[in-house]
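Here the structure is laid out as structure tokens; the discussion comes afterwards.
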Amino acid sequence: MPTVLLLGNENLVVMVAGAIAISAMLLPGVSGSFLLLTMGLYGTIMQAIRGFDLAVIGLFGVGCLIGLALFSRLLAWLFKRQHDATMQLLLGFIIGSLPILWPWRELVGYQLGPDGQMIPLAFRYLMPSEYAVLIGDSSQLGTVILLMLVGALLVVGLNYQAHNSPSSLSSDQSGANKE
């Protein structure tokens with residue numbers, strides 16, 4: 001049983017779940033929804049959203065605000081004190097999440113959730129040609145490669161723009177003057 005559920009007070013559990021979920025969303029490769037699922041609260045939060053239960057949504061939102069405020073400060077502190085180790089950890093999260101992004105896979109194990117929804121548990125990863133045979137249609141390999149290139153170019157372009165914009169140059173120069 002997830003430790004968060006041992007808090008006892010339902011309102012506190014929903015707030016802590018909000019703080020944990022939003023904290024996960026600040027990290028690459030970590031899913032807030034998955035963490036809610038592992039805490040057994042995904043269905044509760046989704047039901048509150050579907051039913052427009054403002055009390056639960058409000059508690060969850062307050063938890064998200066608290067988590068965002070605290071965890072963003074923690075991340076800033078970690079970047080300032082342990083930049084390389086923090087970057088290595090985040091890179092590990094990204095590499096660890098790559099199998100989830102693999103488009104050519106077959107669901108081989110699942111369980112049914114409380115509302116009858118399928119919760120995937122295991123996949124078999126396939127090569128694009130194997131996937132095309134399995135579904136009897138195109139694997140859309142060209143489209144996937146094109147979208148990967150567009151994403152990579154977008155990241156490189158945004159990085160270039162951030163390093164060459166007048167605001168970043170002036171902040172770099174002002175930092176050099178202080179030393």
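Throughout, read-outs are computed from the coordinates displayed, never taken from laboratory work. Predicted, not measured: the structure shown is a model, and the values here were computed from it. Cβ atoms come from the backbone with ideal geometry, glycine included; neighbour counts cover every protein chain shown.
How many residues are among the β-branched types (Val, Ile, Thr) and loosely packed, with under 15 Cβ neighbours inside 10 Å when one looks only at the range 48-86?
Number of matching residues: 1.
If you go through the range 25-47, how many residues are surrounded by fewer than 19 Cβ atoms within 10 Å (Cβ to Cβ) and either of a type in the set (Gly, Ala, Ser) or touching a Cys at 6+ places or on another chain (Cβ under 8 Å) (or both)?
Residues in the range 25-47 being surrounded by fewer than 19 Cβ atoms within 10 Å (Cβ to Cβ) and either of a type in the set (Gly, Ala, Ser) or touching a Cys at 6+ places or on another chain (Cβ under 8 Å) (or both): 5 in total.
Search the range 97-118 for residues being surrounded by 11 or more Cβ atoms within 10 Å (Cβ to Cβ) and either among the β-branched types (Val, Ile, Thr) or in a helix (DSSP H, G or I) (or both), and hand back the single one that is farthest from the chain's Cα centre (by Cα).
If we take residues in the range 97-118 being surrounded by 11 or more Cβ atoms within 10 Å (Cβ to Cβ) and either among the β-branched types (Val, Ile, Thr) or in a helix (DSSP H, G or I) (or both), then Ile100 is farthest from the chain's Cα centre (by Cα).
Quick one: in the range 119-130, of everything that is part of a strand (DSSP E or B) and aliphatic (A, V, I, L, M), which residue is farthest from Ala48 (Cα to Cα)?
Of everything passing the filter in the range 119-130, Ala122 is farthest from Ala48 (Cα to Cα).
Take residues that are farther than 22 Å from Gln111 by Cβ and tell me which of the helices (runs of 4 or more DSSP H) falling wholly in the range 5-96 contain 2 or more.
Those helices (runs of 4 or more DSSP H) span 10-25, 42-50, 54-81.
Can you find, within the range 102-144, the residue that is farthest from Phe34 (Cα to Cα) among those that are touching a Gly at 6+ places or on another chain (Cβ under 9 Å) and free of Cβ contacts under 8 Å to residues at least 60 places away in the same chain?
Per the stated criteria, the residue is Phe123.
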